[in-house]
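Have a look at the structure below before the remarks.
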Amino acid sequence: MGHGFGELAKVRGIVTHKISPFEQRAFANVISKGVPNTLRRIRSQIFIVAPPFVMGYMIYNYIENLHTQMNRHERMKICFCTDLDKSVLISNFEKRGWVQVTADDDWNFYWAGTGTCRNIFSVDSGYRMHDNQLINHFPNHYELSRKDLLVKNIKRYRKDLERDGNPLAEKTEANIPGGSKYLYLDFIPITFVLPADYNMFVEEYRKNPQSTWIMKPCGKSQGAGIFLINKLSKLKRWSREAKTSFHPQIGKESYVISRYIENPLLIGGKKFDLRLYVLVTSFRPLKAYLFRLGFCRFCTVKYDTSVTELDNMYVHLTNVSVQKHGGEYNNHHGGKWSVQNLRLYLEGTRGKEVTDKLFGSITWLIVHSLKAVSSVMASDRHCFECYGYDIIIDNTLKPWLVEVNASPSLTSTTANDRILKYKLIDNILNIVLPPDGVPDVRWNKIPSTDMLGNFDLLIDEEIAAQDDNMQNSNNGKHRSNSNRWK
């Protein structure tokens, strides 16, 4: 051995070495030569190594998320409950592998009647829904679907816009026949709530004593309790016979009385209305969709405005629940026509431009009727609702909103009717459920386009706000870039 490390004794036949000074300085030239050399090697290899690495990571991440969702779905058995014994509901739920339970069990999805919904949301019930529960009505849906409240909310909405100076509330000149009218928000007939507005109704009636009015009980549907009047004496006589006082402080049951649309658009000499389905998933922000497969409902008897036919409901009421009892009712087509057929008919007889304007006006009245109640509606994230809009078109191709139903009938009167309503429920479920199919109120309620099916987006204020912010941001950048050249 030598005298120390690196100082080996010289022995014949043995080659000796000493440690290089560079090995003693391991980080010599690491910045001046090592870093540039590393960057050179990265540049030469990055486009060979990075793409398969990124693609592999994306595939791994997708499979991992899919596996998590599948495990969650398998782990969580979806239970549904319904008050309605309708095959279009049950078959849609069971097709998804859901299990039916009773209202007393733990459920995830409840297709309920309006009465059940009121009980669930009542303070007395004390029921609190968890994050994985959905129900098909908003707590105070009646703000839109009850006839008197619908009128009240639309009138308030117009007054609020008018007070704020919004151009949407612009009116015609007051000196024209019939008085001033809203230019853009005139989509409900002149309507009064009785008994509260009885004196105002009498005043309006006396302006045009030859007019016909239609009387409807506020809390009923399917044509129940509806009748027409053309004389004030008839209304008073009915009040006596029904033992219903129209004194504002005495009357209990509310009615609405509206100016009857005496000039409806007729096809084949018969009156009809439109039944359109509108899905609302949120009121604040407003998110609504229109079902393309709506239909027309025809009367079975030709339209006649004579006094002798004033009480003939087969002439004036389009409700299937009324018409199916008539002798002229057709069980094959059920007195119904698709909206697509109506559009083709109008394009052929009136022209495409006015037809497009009509359907644009229909979309307009739906959106603004929803906006009229959005501020007063309890927008619970557990809720969604499919409304049945009833709209009448007059012979000038002006649409009028007649009423809105919170529980549109799911009874199928024909084979085509059954197919339509099966698609309706299926499409609704695709929109209100998150992509993994498990009810979850934490979801942002923005379905992908391929999930809409036969629905078209009417309005989504959340998306609209995002687009506005992005546009404003882009405009700001544009102005900033422009200033550089000044």
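What the table below lists for this structure:
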item	result
Residue count for region 403-426, restricted to those that are under 24 Å from ASN140 (Cα atoms) and part of a helix (DSSP H, G or I)	2
Selection status of VAL354, β-branched (Val, Ile, Thr), within 30 Å of VAL441 (Cβ to Cβ) and either open to solvent by 50 Å² or more (accessible area, probe 1.4 Å) or in a helix (DSSP H, G or I) (or both)	no
Residue under evaluation PRO399, criteria (1) open to solvent by 40 Å² or more (accessible area, probe 1.4 Å); (2) at pLDDT 90 or above; (3) over 15 Å from the mean Cα position of the chain (by Cα), criterion not met	(1)
Residues that are closer than 12 Å to LEU89 by Cβ and open to solvent by 10 Å² or more (accessible area, probe 1.4 Å), drawn from region 419-435	TYR422, ASP426
Residues of region 183-196 satisfying the condition of being assigned to a loop (DSSP other than H, G, I, E, B) and either open to solvent by 30 Å² or more (accessible area, probe 1.4 Å) or at pLDDT 90 or above (or both)	LEU183, TYR184, LEU185, ASP186, PHE187, ILE188, PRO189, ILE190, ALA196
Of all residues making up region 164-181, the number that are within 19 Å of TRP364 (Cα to Cα) and modelled with pLDDT of 90 or more	5
Which numbered condition VAL315 fails, given (1) over 26 Å from LYS421 (Cβ atoms); (2) open to solvent by 40 Å² or more (accessible area, probe 1.4 Å)	(2)
Those residues of region 436-446 which are more than 19 Å from PHE283 (Cα to Cα) and either open to solvent by 40 Å² or more (accessible area, probe 1.4 Å) or free of Cβ contacts under 8 Å to residues at least 40 places away in the same chain (or both), in sequence order	none
Cross-chain or 6+ apart pairs with Cβ under 8 Å, region 307-321 first and closer than 13 Å to LYS270 by Cα and assigned to a helix (DSSP H, G or I), then open to solvent by 40 Å² or more (accessible area, probe 1.4 Å) and of a type in the set (A, V, I, L, M)	TYR314/VAL301; VAL315/VAL301
Selected residue (criterion: farthest from GLY268 (Cα to Cα)) from residues of region 357-369 that are open to solvent by 30 Å² or more (accessible area, probe 1.4 Å) and in contact with a Phe, Trp or Tyr (Cβ under 9 Å, 6 or more places away or on another chain)	TRP364
Qualifying position, being open to solvent by 30 Å² or more (accessible area, probe 1.4 Å) and not aromatic (Phe, Trp, Tyr), among VAL376, VAL339	VAL376
Selection status of LEU457, touching a strand residue (DSSP E or B) at 6+ places or on another chain (Cβ under 7 Å), more than 30 Å from VAL256 (Cα to Cα) and open to solvent by 20 Å² or more (accessible area, probe 1.4 Å)	yes
Filtered residues of region 259-278 (kept if surrounded by 20 or more Cβ atoms within 10 Å (Cβ to Cβ) and charged (D, E, K, R))	LYS271, ASP273, ARG275
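Residue-by-condition table, conditions (1) more than 22 Å from the chain's Cα centre (by Cα); (2) surrounded by 14 or more Cβ atoms within 10 Å (Cβ to Cβ); (3) in a loop (DSSP other than H, G, I, E, B):
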| position | (1), (2), (3) |
| --- | --- |
| CYS296 | no, yes, no |
| GLY326 | yes, yes, yes |
| TYR329 | yes, yes, yes |
| TYR345 | yes, yes, no |
| LYS371 | no, yes, no |
| GLY388 | no, yes, no |
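The values are calculated or read from the model by the stated rules, or taken from the named source; none is laboratory data. Since we're looking at a predicted model, the values are computed, not measured. All Cβ positions, glycine included, derive from the backbone under ideal geometry; neighbour counts span all protein chains shown. Ligands, DNA and RNA are stripped out before the accessible areas are found, and what is left, the full protein with its side chains, is counted by its heavy atoms. Shrake-Rupley method; radii C 1.70, N 1.55, O 1.52, S 1.80 Å.
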